[in-house]
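Asker: Sharing a structure, written as structure tokens. Questions coming.
The values are calculated or read from the model by the stated rules, or taken from the named source; none is laboratory data. This is a predicted model, so every value here is computed, not measured. Cβ atoms come from the backbone with ideal geometry, glycine included; neighbour counts cover every protein chain shown. Just so you know, the surface numbers come from the protein's heavy atoms only, side chains and all, with ligands and any DNA or RNA stripped out. Shrake-Rupley method; radii C 1.70, N 1.55, O 1.52, S 1.80 Å.
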Amino acid sequence: MARKALVVLDERWNSALTDLGLKIARSLNCRVTVAALKGYPAFSRAAELGLETLPIEDPRRGLPLKAFLSFKRAVEAVKPQVVVTIRGDEMLFAALLKKRHGYKLFRVHGHAKGIRNTLLNRFIHKRFVNGVVVSSRRLLNDVVAPLGKLLIPGIVDTSLFSFSQEARHRWRRRLGVPAELPLIGVVARFDPVKGHDLLFKALHAVKNQRWKLVVVGREEGVSLRQLKELAASLGILERIAFFTDRVADLPGLLSACDIGVVPSKGSEVVLRAPLEFMACRTCLVATAVGALPEVIAPPWGRLVKPSADGIALGLSSLLKLGAERLLELGKAAQEVAREKYSFEALSPRIDRFICSGVRNGQ
């Protein structure tokens, strides 16, 4: 009989946690069905990846009973041996149905707010959860202490995100960046927590050095106009290229960059953009928040304080090396991405952790 897993992705946005959940689903060597909110990114992305999908109701809208019944229908339709959830609502639903349906229950923890250390949460985890995937050591607490754990800061698809010399030349010509001029990149939504203001102030501090910046992200909490006004007030606007629409060839653009920056003031509990930069042979400057200290390391990475001065110091230390040396160090970053954070490296571990007992009939 084919083993089956139900992966429940009930976030409304295309978050890094949703992305990790989808990648965990792709790593399982069994028949996988993704239950998600229809009309939202997780549902459409799962369908695009060729995964079976089932719609469920949003537990944060309307009556909780309606959401519970939609989850129950998904369980009855799939008849899974494993259920994986990324949020507490569906974990509670899965716990309530676990005894009747006899599956194993796993929870993925990757929220910036951490794991709530409450009596109810400790009880549910201890009584019903078979294991947890955590994206950062910072999330470890008494709730998950008794459980089997797998630490996964993020997963990068190196078949998609890889260095391309042709794309590097093409993008640099498009941006008007000669080979000897260092290109700095940042990929993040325009949100205060992502620290674009810190990066711009840091670049103002190193404006006498040669560089160009490319900014990729959607407006969310901070507008493009606001970022341009800040850049103009700092005298660096003419050295920045902005992309607010989806970039079709993002791996190519990352390949064109010599330095990627993650200037976040918080969050970054699940890593996506840093690993994509690394896979595309790009050095990194990153603030010491979330899971970043667990991944970023010299010689290709600079971990800095979440401040304009800290980011400026990190950038200056890499910029002075020159474009040729940065490309050499970028190769080391690429190797780390492949050896530690790729599907090839992590999928077997994820599959063993979640599915080994199921295959052995336990």
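Asker: Working from the alpha-carbon coordinates of the chain, get Rg over Rh, Rh being the Kirkwood radius. Walk me through the numbers before you get to the answer.
Answerer: On the way: Rg = 21.5 Å, Rh = 21.4 Å.
Taking Rg over the Kirkwood Rh, I get 1.00.
Asker: What's the FRET efficiency of Ala47 with Asn14 using the Cβ-Cβ distance as r and R₀ = 22 Å, to the nearest 0.05?
Answerer: Result of the calculation: an efficiency of 0.95.
Asker: With a 1.4 Å probe and every protein chain left in place, work out the accessible area per residue of the chain in Å², rounded to a whole number.
Answerer: Each residue of the chain exposes 44 Å² on average to a 1.4 Å probe.
Asker: Considering just Cα atoms, how many Å³ per residue does the convex hull of region 46-196 enclose?
Answerer: On the way: hull volume 28.9 nm³, N = 151.
Hull volume normalised by residue count: 191 Å³.
Asker: Under the 0.36 nm per residue contour assumption, what length would be gained going from the current alpha-carbon distance of His101 and Ser356 to full extension?
Answerer: 89.9 nm
Asker: Something else: Straight-line reach from Lys194: which aspartates and glutamates have Cα under 15 Å away, leaving out those fewer than 8 places along the same chain?
Answerer: Hits, sequence-local ones excluded: Glu219, Glu220, Glu268.
Asker: On to the next question. As a test of the formula, what do you get for the chain when each DSSP H run with n ≥ 4 contributes -39,500 (n - 2.57) and the sum is divided by the residue count, at 222 nm and rounded to the nearest 500 deg cm²/dmol?
Answerer: -13000 deg cm²/dmol
Asker: Between the helical axis of 196-205 and the dominant principal axis of the chain, each derived from Cα atoms, what acute angle in degrees is found, rounded to the nearest 10?
Answerer: It is inclined by approximately 20 degrees.
Asker: Can you pick out the pairs among Lys207/Lys305; Lys72/Lys98; Lys126/Lys340; Lys201/Lys265; Lys23/Lys104; Lys23/Lys99 whose Cα atoms lie more than 22 Å from each other?
Answerer: Lys126/Lys340; Lys23/Lys99
Asker: On C-alpha positions alone, give me the angle between the axis of helix 16-27 and the longest principal axis of the chain, in degrees, nearest 10.
Answerer: With both axes taken from Cα atoms, the answer is about 60 degrees.
Asker: Kindly provide log₁₀ I(q)/I(0) values, in the same order as q = 0.14, 0.15, 0.16, 0.32 Å⁻¹, from the Debye equation applied to equal alpha-carbon scatterers of region 1-53.
Answerer: -0.29, -0.34, -0.38, -1.39
Asker: Extension gain Ala179-Arg225, at 0.36 nm per residue separation less the Cα-Cα distance, in nm? Mind dumping the intermediate values first?
Answerer: On the way: separation 46, 0.36 × 46 = 16.56 nm, distance 2.98 nm.
Answer, rounded to one decimal: 13.6 nm.
Asker: Using the crude model of +1 on Lys and Arg Cβ and -1 on Asp and Glu Cβ, and no other charge, please compute the dipole size for region 81-209 relative to its Cα centre, in debye to 20.
Answerer: 360 debye
Asker: Accessible area of region 1-102 with a 1.4 Å probe: how many percent of it is carbon plus sulfur?
Answerer: Details: 2450 of 4560 Å².
Within region 1-102, the accessible surface is 54 percent carbon and sulfur.
Asker: In 5 Å bins starting at zero, report the fraction of Cα pairs in region 147-243 per bin as a rounded %.
Answerer: Over region 147-243, the share of Cα pairs per 5 Å bin runs 3, 10, 19, 19, 16, 15, 9, 4, 2, 2, 1 percent.
Asker: When you count, for each residue, the other Cβ atoms within 10 Å and take the mean per peptide, how do 66-76, 309-319, 269-279 rank with the highest first?
Answerer: Ranking, from highest mean packing down: 269-279, 309-319, 66-76.
Asker: Strictly greater than 23 Å: what percent of every Cα pair in region 252-362 meets that?
Answerer: When every Cα pair of region 252-362 is considered, 33 percent fall beyond 23 Å.
Asker: Shifting gears a bit: Go ahead and run the numbers for FRET between Lys79 and Ala232, Cβ-Cβ distance against an R0 of 41 Å, rounding to 0.05. Could the numbers behind the result be given before it?
Answerer: Details: r = 59 Å, r/R0 = 1.45.
Efficiency for this residue pair is about 0.10.
Asker: Further, regarding this structure: Pairing the Cα long axis of helix 64-78 with the longest principal axis of the chain, what angle in degrees results, from 0 to 90 and rounded to the nearest 10?
Answerer: 80 degrees
Asker: Also: Report the far tail of the P(r) of region 215-306, meaning the percent of Cα-Cα pairs longer than 20 Å.
Answerer: On the way: 1827 of 4186 pairs.
Result for the distance tail: 44 percent.
Asker: How far apart, in nanometres, would the label points at Asn117 and Phe343 be if each is projected 7 angstrom from Cα along the Cα-to-Cβ direction?
Answerer: 3.8 nm
Asker: If you take the square roots of the eigenvalues of the alpha-carbon gyration tensor of region 17-102 and sort them as a ≥ b ≥ c, do you get rounded (a/c under 1.5), prolate (a/b over b/c) or oblate?
Answerer: It is oblate, given that a/c is not under 1.5 and a/b is not larger than b/c.
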